[in-house]
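Read through the structure below, which is laid out as structure tokens, and then see the notes.
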Amino acid sequence: QVQLVESGGGLVQPGGSLRLSCAASGFFFSSHVMSWYRQAPGKGRELVAVIASVGGRTNYVDSVKGRFTISRDNAKNTVYLQMNNLQPEDTAVYYCHAELNDYWGQGTQVTVSS
């Protein structure tokens, strides 16, 4: 049974930090390019960050470059998103995605507000 379980979301003040985790099971995690998407209220789903299956190459949407860092631990079948200097426009539901077979997690809410 394929599962992607996100955690680490919550309410944070502007300028704060959160670390999202996505624990994968039921498929060969290390063979998948992994990514984080987000969907803000009333908007479409947006690709935020992506990391290669091996080698650690990453890419980010321009709006989060220098603030967010995607990483993975293939031994733990987990992908992370470290988010620093969060801003209100980062408020969204964040989803973990396994690219090869189009697997999605259930999402975790991130709210940035004072």
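Numbers below:
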| item | result |
| --- | --- |
| Selection from the range 85-105 of residues that are within 12 Å of L20 (Cβ to Cβ) and not charged (D, E, K, R) | L86, A92, V93, Y94, Y95, C96, G105 |
| Residues (under 15 Å from G44 (Cα atoms) and out of contact with any strand residue (DSSP E or B) (no Cβ under 7 Å at 6 or more places or on another chain)) located in the range 87-114 | E89 |
| Residue list for the range 91-114, filter: open to solvent by 50 Å² or more (accessible area, probe 1.4 Å), part of a strand (DSSP E or B) and touching a helix residue (DSSP H, G or I) at 6+ places or on another chain (Cβ under 8 Å) | none |
| When residues of the range 19-60 are limited to those that are open to solvent by 30 Å² or more (accessible area, probe 1.4 Å) and of a type in the set (A, V, I, L, M), the one nearest to D90 (Cα to Cα) | L47 |
| Residues located in the range 61-90, provided they are in a strand (DSSP E or B), open to solvent by less than 50 Å² (accessible area, probe 1.4 Å) and of a type outside the set (V, I, T) | F68, S71, R72, D73, Y80, L81, M83 |
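The values are calculated or read from the model by the stated rules, or taken from the named source; none is laboratory data. These numbers were taken from a predicted model, which means no experiment stands behind them. Counting neighbours? That spans all protein chains shown, and the Cβs are built from the backbone with ideal geometry, glycine included. Remember, those area values only see protein heavy atoms, side chains included, never the ligands or the DNA or RNA. Shrake-Rupley method; radii C 1.70, N 1.55, O 1.52, S 1.80 Å.
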